[in-house]
Structure formats: C-alpha cells, structure tokens
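Novice: First, the structure itself, so that you have it in front of you.
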Amino acid sequence: MDSENHNPRRRFRKWFKGKHKRADPYQLSQVSDGGEDESEDYLDDILFQSMEMDPCTSTIELRVFVGTWNVAGRSPIGSLAVDLDEWLNLKDAADMYVLGFQEIVPLKTRNVIGAEDPTEARNWNLLIGKTLNNEYGCPWLTPIWHPIPSGNYHYVKNSEPESRMSNNETSMREQSRSQHEKPKGVSKYKLMASKKMVGVFISVWMKSDLVSKYYISNVKVCSVACGIMGYLGNKGSVSVSMTIEGTSFCFVVAHLASGEKKGDEGRRNHQVSEIFRRTSFPRSPADDDIPHPLTILGHDRIFWFGDLNYRLYLEDNSARQLIKKLDWRALQEFDQLCREREYGGVFQGWEEGAIEFAPTYKYSSSNCNRYSGGVPSRSGEKQRTPAWCDRILWYGKGLTQLSYFRSESKFSDHRPVSALFSTQVEVVNSTNPRVVSRHTILPTIPPPVETEQSNHDEEAESTLISLIVKDLEASPTHNTRCIEQIDDNDCS
C-alpha cells in the first residue's frame, strides 16, 4: 500500500480517474477493449507524455502601429519627414510599425506593365527608418554590409534570441559584435519585411531589442495582382506573414478598384475574394521546424488595411451636408464597407474601430483642405463624393484597438489613417523541440511549390503583356480604352 501511494504514476492515475469518472464514464472503454490493466497503462502513457510535452506558456503584450496612406504617385521628399513624424505619433512609440502605401509610383502604363523599379520603395524605407530612429537622438545607421533593401525583403534570423542563449553564447556574440561592427550607436527599429508591387508597398519595422529578445520566424512576403484583366498590378495586395514566439501575424495591404458608380463595389468584393484565394506563404527548405500558416485566415492575428476604395450609398450633396454637421454616425449608415461587414459580405466577422474622423478622400489638390467637386465645381476638378476610402480592419482574438485616427498631411489627395493596437503574444518556454504552438494549423494538402508559382505568375504576366502589345497593333481603338483605364487620374 505504501509503495502504491509513493508511486507518482499510480497516484496521478487514481486522481485522474476519480476526477473524470462522472463527467465521462465511457472514457476508458473507448480507449481500449483490452481490459482495465491495458486501459490504465495506455492512460499512463498518454497522461505523462502530455505532461512532458506540455510547455509552460506565458504571454507578453506588444503595441502595434498600423498605418495606410495613398500618396498619389509622389516621391518622398525631405520636407515630408515632418508629416511622417506626426503620422507615426512617435511621442507614444509602438513596439512595431506596419506601414502600407498605395501609389508610391504613378499608375501609368510604363509602371504597370513594365519591370519593377525598386527606387521608390528604397526611398520610402530610408525616410521611414530615419524618422523612426532619429527621434531618439541617434542617426539611422546603414552599414555597407547591411544596405537598405529594395522593394522585396524579409528578415532572416541568424540564431536563437539572446534571451535563450547560454552565457558563453551571449559572450561570444558580444565579442563578434565588437570585432565587426564599427558604428557607435544602435538603431532603435529594425526593418523586418518590405514588399512592393507596382504602387502597393508594405514596410514592417520592430524594436531592435525585441528582435533580439524574442524568437521571430518564418517571415514571408506575397503579392497578388488583380487589376486590369484580373492580373495586372495597378490593383491588388502585398502581404507579410511572420511568427513572433508562438503567435502568427499576417498584414495585408490592399489597393482595390476605384469608382462610385452602381456596381463598382462588386468589383472590389471580387478582388477581396481573389486576394484571399491567391495569397499563400509556401514552405521553403530554409524554414525552421515550426509549422507556419499557409493562407491569410490561418494566422492568429490578421490586419487588412489600405485604400479599400469603398464609397457611400449617398448622393454627393447629402454626404457633404452630413460632413458639415460632423455627423459621422449618420454618414456611416451609408458606408459600403460597413454593410459588407454587417450583412454577410466579404468582410463578415471582421472588426473595425469606431470612425470618428472626416472622410479621407478626395481632396482637391496638395496643400488643400477642400474636398474635390461639390457645387459649384471648380474648373478641371473631378466630381467625387467624399468617402472613407482608407481603412484598417482586423481579425482574430487577443487584439485590442487603442486608437483609430487620421492625420492631416496635405501631401496627397488622401489623408493618412492609422490605428494603434495592443496584442497578446504567446511565449513558449520549453526546451522540447517537438512542442509547437497549439494555435498552429497543420495543412492536410501539400502547398504549391513557391518557384513554380512564381514562374507561373511571371509567365502569365508576360503573356498578358504580349497580348496587349498585339492588340494595340491590331485594334488601337479597343485598347485605347484599356490604357485610359490604367492612366485614369482617378487611381485611388
């Protein structure tokens, strides 16, 4: 009897059986038909294996700044740093900055069907990095062995976080730094991912000390072009997938079809469906052993933002009257995106903070606080009903929105929009390499090979370009309309 009481396996089995006997009287008979002894042995194995593999988990809180800005094809200039500083709200600095841009290049034919030019993406990254890091009194350091990347970049971890290293490993890393790193300061924020597709651009930054402290893995990027003919990049999305410790994040920046005519919202909804369907983050040989989500909805925390271009089901004059009254609640009753969320549309189940700011589009011109159009309309201005085109949505548990606001930069005909979130991140404190996050979704169907998908997309784009060229020669009248659609000044 004494030996039985001192046997931890027997004591645990006895407690477990007594604890769950009433709740599930058929549990042991369902496990095995081999008798009580076999059932108890099987129960022993399952229970103690679970105890050995169940990791100790804790949570940390991260503050994530998400912003979107349609810059109307304008290049970043030095004076824009003041506007950028105000937009990023660095007095209340976040742990991560995820910035989405639209139209960082003019949506002209040569940019849409030509080769990607990384210049503007690099310029924006330079300005963002300088703004984030100069705020703290240290110049932004860009050593020549770590040049600022172009439009396509993602962070690749070199080793375990310093917090997981032994004293010897940490000491060796510090010695290596002292031998190889010449800069006297350290940048406060590190570029984690960057992706450009024509005018759509995403840039993800994180505090350098957090990058060193926590395990960040499987940083991947993806783009989906669904503009002209369904495959050109004047409209579409760029996305970033990354895992911080045991929590996966997905950031989707989208620029959807413009237009306020009846039925235009259907084109936007179709593009959203295409982005959901075609966005993927395939595994590669360089990935670690931790499975990562392959699709947008497989992630724990998802942010979808950009110039989504949803308009108002309301006449121009009525909309302007409500704007004068600052009656945002009444105006939202006619908002297309609100209806998509509330009445079973493509964004059903997604969250958005309360909109307590004026519509962000379309302003008359740069350096102007007046909406375009109206009565009387000025010569040369396009008639556009003001609307909240620039939006930030989120999906998933463990997210709390702290603020949602627009900034007042007059750099373009859109006003930048941003939101600050508090999010919980699961930290797995386990030395067992077989332990993975319990939120991870394992695929049942092997994903497509990334190289084949890329080749297919390139082949499709090449075929489309050749068709456009042939059609231009054969039927100039028909294709003039296509080119005009690309070159339309209302590209928002």
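Novice: Okay, which of region 286-322 sit inside 19 Å, backbone N to the point 7 Å along the Cα-Cβ direction of ALA358?
Specialist: The answer is 311-312, 315-322, whose backbone nitrogens lie closer than 19 Å to the label point.
Novice: Using R₀ = 45 Å, calculate the FRET efficiency as 1/(1 + (r/R₀)^6) where r is the Cβ-Cβ separation of ASN123 and ASP288; round to 0.05.
Specialist: Working from the Cβ atoms, E equals 0.85.
Novice: All other residues with a Cβ under 14 Å from the Cβ of LEU326 taken together, and with Lys, Arg as +1 and Asp, Glu as -1, what is their net charge?
Specialist: Neighbourhood net charge equals +3.
Novice: A follow-up question, please. Given R₀ = 30 Å, FRET efficiency for GLU333-MET229 by Cβ-Cβ distance, to 0.05?
Specialist: Step by step, r from the Cβ atoms, then E = 0.25.
Novice: Label points 7 Å out from Cα along the Cβ direction at SER403 and LYS108: separation in nm?
Specialist: Placing both labels 7 Å beyond Cα along the Cβ direction yields 3.8 nm.
Novice: Put SER237, SER79 in order of accessible area, largest first, 1.4 Å probe: what do you get?
Specialist: Accessible-area ranking of SER237, SER79, largest first: SER79, SER237.
Novice: To the nearest 10 square angstrom, how much accessible area does HIS299 have with a 1.4 angstrom probe?
Specialist: HIS299 has an accessible surface of roughly 10 Å² with all protein chains in place.
Novice: Taking a ≥ b ≥ c as the square roots of the eigenvalues of the Cα gyration tensor of region 207-270, is the shape rounded (a/c under 1.5), prolate (a/b larger than b/c) or oblate?
Specialist: prolate
Novice: Right, something else. Hey, rough spin-label estimate for GLN321 and CYS56, points 7 angstrom out along Cα→Cβ, what's it come to in nanometres?
Specialist: About 6.6 nm, to one decimal.
Novice: I've got another one for you. Just how much of CYS222 is accessible, in Å², when a 1.4 Å probe is used and the result is rounded to the nearest 10?
Specialist: Here the residue's solvent-accessible area equals roughly 10 Å².
Novice: I would also like to ask the following. Assuming 0.36 nm per residue, please report the length gained on full extension of the stretch ARG63 to GLN348 beyond their Cα-Cα distance.
Specialist: Between ARG63 and GLN348, full extension yields an extra 100.1 nm.
Novice: Next question, about the same structure. Lys and Arg at +1, Asp and Glu at -1: add these up for the other residues within a Cβ distance under 9 Å of TYR363 and post the number.
Specialist: +3
Novice: Let me cross-check THR59: its accessible surface, 1.4 Å probe, with only protein heavy atoms counted, in Å² to the nearest 10?
Specialist: 90
The values are calculated or read from the model by the stated rules, or taken from the named source; none is laboratory data. Source: prediction; values computed, not measured. Positions of Cβ are backbone-derived with ideal geometry, glycine not excepted, and every protein chain shown enters the neighbour counts. Remember, those area values only see protein heavy atoms, side chains included, never the ligands or the DNA or RNA. Shrake-Rupley method; radii C 1.70, N 1.55, O 1.52, S 1.80 Å.
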